[in-house]
Structure formats: C-alpha cells, structure tokens
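Take a look at the structure set out below.
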Amino acid sequence: MKPFEIGKNIFWLGAVDWNVRDFHGYSTYQGTTYNAFLIRGEKNILIDTVKQEFFSDWMDQIRLLIDPKKIDCVISNHTELDHSGSLEWVMHVIGSGKPVYCSKMGAQNLTRHFHGGLNLTAVNDGEEIKLGERTLKFLETRMLHWPDSMFTYLQEDQILFSSDAFGQHYAGTERFDDQIGEAIMPHAKKYFANILLLYSTLILKLAEKVTRMGLPIKMICPDHGVMWRKDPRKIVQAYVEWSQQKPKKKALVIYDSMWHSTQAMAEAIVESLAREGVDARPMHLRTIHRSDVMTDVLDAGAILIGSPTLNNGLFPTVADFLCYMKGLKPQNKIAAAFGSYGWSGEAVQLINQDLEEMKFRIVDPGLKIQYVPDQKGFEACHALGQKVARAFNG
Ligand code: FEO
C-alpha cells in the first residue's frame, strides 16, 4: 500500500493487515489496518506508528514522502503496541533525541514499554503547541482505549486524529467512509461493542466536552479502518447512541449444549419469544464467535444464557462468554438462565450469580431440566420465553 494525501501535505501511511483473524480474542474476519500519518511543512510531524512486523514496509512508505531524518517529532496518541510497536525503531532512523509528544499517562506507559531512550514530552489536556505553520491541540481521552489515549486536533486543517476511537477492524481497498458507505457501520459497531462499551459513560462525557469546545471537524482519522470525511458527525452520533445503550425489543438466547437438550430448550424459548413479538435469536457459542455475540448484545433488551452442567460447573464456552461480557459491562438488560443437567445441576445458579453481578434484572429464577426435555419441559421453556417477553414492558 502506497501512502496518499488526505489533506494538503498531510499523508496517510500505514499498514493493511489483511490476514489477522484474531486480535487478542476479537474475531477480525476482514483483517484490520494500522493508520499512521505524516504532516509535511516547516516542521515534519509523524502521528503514531504501526505494529512492529510492518515496520520495514512502513519505512519504505515514509521514504517515498520524505528523508526520514527530516522528521522533527512524533506524536504518540496511544501506547498499545499496534500503534507504538515501531516507535523505538523509527526513532533510531529519524534521530533518537527528537521529541515524542504524548499524554502524561502516555509518558509513563511508553517508559514501561520501552524502558528509556525516548525523549518523551508530556502534554496537558487542552494544550496547544505550534509546530511550524501548524497548531496541534491535544485532548486527553483516558480509557479510549487505555489510560494513555489522547486525540490530536490539527487546528488549521480541522482534522481530528482520534487513535482507537471511531475505528473499525476492517482491511479493504477503501480508505474513506464515502468509498464504502453504510457497509462500514457494522464493523464500527462491532469495534465499539467489543472495545469501548465499558467506557460508555466516559464517551458521553467526551462527546459533551467536544461539543462544548465547538471544534470544527472536517475529517476524523482513526488508527484503524477507514477515515470519516463525508460526514464525521455520523460516527460521533453513532457513538453517542451506542453509549446510551437504549434496549430494543430484542432477545438473545446465548447457549452451548452437550447432547442437544440445552439447544432444544434454547430453540423453544426463541420460538415463544418470537410469538410474543420479540426479535429473538438463538446464538450457539461454538458457531458464533464471542465478539459477534457481543455486538448483538449491545442493543438487545433481554439476554438469556443457557448452559448444561459439566463437572458441577458451567460449560467452558458459556463461562468464557460470561467472563467476556462481564468485563464489557453492558447495561439495561433483563435476563434469565436455563439449562439441562444430569445429576447435580449447578449451571443455572452459577449463571444467575454472573447476571446479578452484571446488574441485569433477572426476571425468572431460571429453568433446569434433567437430561432431555419432554412435553412438560417444552411447555416450561415456552412459559419462560413468554415471561421474558412480557417483562419488556415492566
Ligand atoms: Fe488499536 Fe488500543 O490499540
């Protein structure tokens, strides 16, 4: 991939990672990109780097645009290694003593990653620096996605370099929102649901703060996926909406099964929910990846979790999913548990403990069926679906 100009003397250069399919537990079926940027002018500024394995190709891109020794400084918006992995190496090429601008937490975290040798210059929230003919304004955006994260706003060009926020794990030939259209939104939603959901409250505060500041924004350039130039407000509004977590009349029946009994229960519950007018779907945890299930959790109003009891505990995929979902702290859900068992039957209680911990409103003590559901068992599944459906209203 060759670098290209996104604004006058402002260039995208980065890496398209076509082949990554597992991004520390997140399924990236369509790869991702690591976006970095070069601003040429009286001062030449590099914003972010790429994953270390792409360093060599990335340096070739830089050399197409500039003698690397003429780069004056680097801005590190985020320490995570998909963006700072090439920092040490690029500093060796451009000159080790040159400043690396970062947030205060960035200075700590970069030190903990690279253990010295970088000329780190910490900037404050809201601070502006003049570099040549350009003014850069820094906004601290703690926890989007790490404590060190910040945005860099290029004042004269009205471009916001937003690091992870507003990104998508998507590798394609398109570089801008207008080239791909609506097809990018499911990727943006999945990214939000799996990476940023637990920071919803902070996102709403940040959106308010940026609105109050009244910064005109012509383009948002995240560090992953396509850049937003046609309508940058669209992704900001989507973030506000997703952060509000308003539940839809939608139920997910998330489960795993050993001998199809919990599966049969899940399908009967879905049938009953659908009969009551709920958008319901079964989600088998060995056929749908946890990060895709999580994307659907974002706007679902009801979460039903089903697990057989295995060795007095939860089935491993269900335990995995509950652990994953718990970490992302979804809100505003009603919930119930179910499952088949042989002799001890602890799974439903264990699920309930996790649902309580997540502060979901549990609308039924849970349904346990020994071994294989019979007619009476299916009637109990239908009754559970009906009870959950009716709980949407109260
Ligand atoms: Fe894309 Fe939090 O790194």
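The values are calculated or read from the model by the stated rules, or taken from the named source; none is laboratory data. These figures come from a predicted structure and were not determined experimentally. Neighbour counts are summed over all protein chains in view; Cβ atoms, including those assigned to glycine, are modelled from backbone coordinates with ideal geometry.
Looking at GLN52, GLN30, just one residue is in contact with a helix residue (DSSP H, G or I) (Cβ under 9 Å, 6 or more places away or on another chain), polar (S, T, N, Q) and surrounded by fewer than 16 Cβ atoms within 10 Å (Cβ to Cβ), and that residue is GLN30. One residue alone among GLU133, GLU174 is more than 13 Å from the ligand (Cβ to nearest atom) and loosely packed, with under 14 Cβ neighbours inside 10 Å, and that residue is GLU133. Among the residues of segment 60-78, the ones that are in a loop (DSSP other than H, G, I, E, B) and either within 16 Å of the ligand (Cβ to nearest atom) or not assigned by TED's automatic domain parsing to the domain that holds PRO99 (or both) come to 3 in all.
For segment 22-46, the set of residues classified as within 16 Å of the ligand (Cβ to nearest atom) and more than 14 Å from HIS224 (Cβ to Cβ) consists of ASP22, GLY25, SER27, listed by residue number.
Yes/no matrix, rows are residues, columns are (1) among the hydroxyl-bearing types (Ser, Thr, Tyr); (2) surrounded by fewer than 18 Cβ atoms within 10 Å (Cβ to Cβ):
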position: ILE47; (1), (2): no, no
position: SER56; (1), (2): yes, yes
position: HIS92; (1), (2): no, yes
position: LYS98; (1), (2): no, yes
position: CYS102; (1), (2): no, no
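Just one of the listed residues (LYS234, LYS326, LYS230, LYS250) is away from the ligand (no atom under 16 Å from the Cβ) and part of a loop (DSSP other than H, G, I, E, B), and it is LYS230. For ILE159, the test of being touching a strand residue (DSSP E or B) at 6+ places or on another chain (Cβ under 9 Å), under 29 Å from VAL236 (Cβ atoms) and either at pLDDT 95 or above or within 15 Å of the ligand (Cβ to nearest atom) (or both) is passed. Just one of (1) within 23 Å of TYR170 (Cα to Cα); (2) of a type outside the set (Ser, Thr, Tyr); (3) out of contact with any Lys or Arg (no Cβ under 8 Å at 6 or more places or on another chain); (4) within 16 Å of the ligand (Cβ to nearest atom) trips up LEU81, so point out which. Among (1) within 23 Å of TYR170 (Cα to Cα); (2) of a type outside the set (Ser, Thr, Tyr); (3) out of contact with any Lys or Arg (no Cβ under 8 Å at 6 or more places or on another chain); (4) within 16 Å of the ligand (Cβ to nearest atom), the lone unmet condition for LEU81 is (3).
Residue by residue, here is whether (1) at pLDDT below 95; (2) not in a strand (DSSP E or B) holds:
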| position | (1), (2) |
| --- | --- |
| MET1 | yes, yes |
| ILE6 | no, no |
| ALA15 | no, no |
| VAL20 | no, yes |
| ALA36 | no, no |
| GLU42 | no, yes |
| VAL50 | no, yes |
| GLU53 | no, yes |
| TRP58 | no, yes |
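Filtered by the rule that a residue be among the charged types (D, E, K, R) and surrounded by fewer than 16 Cβ atoms within 10 Å (Cβ to Cβ), segment 235-266 gives GLU241, LYS246, LYS248.
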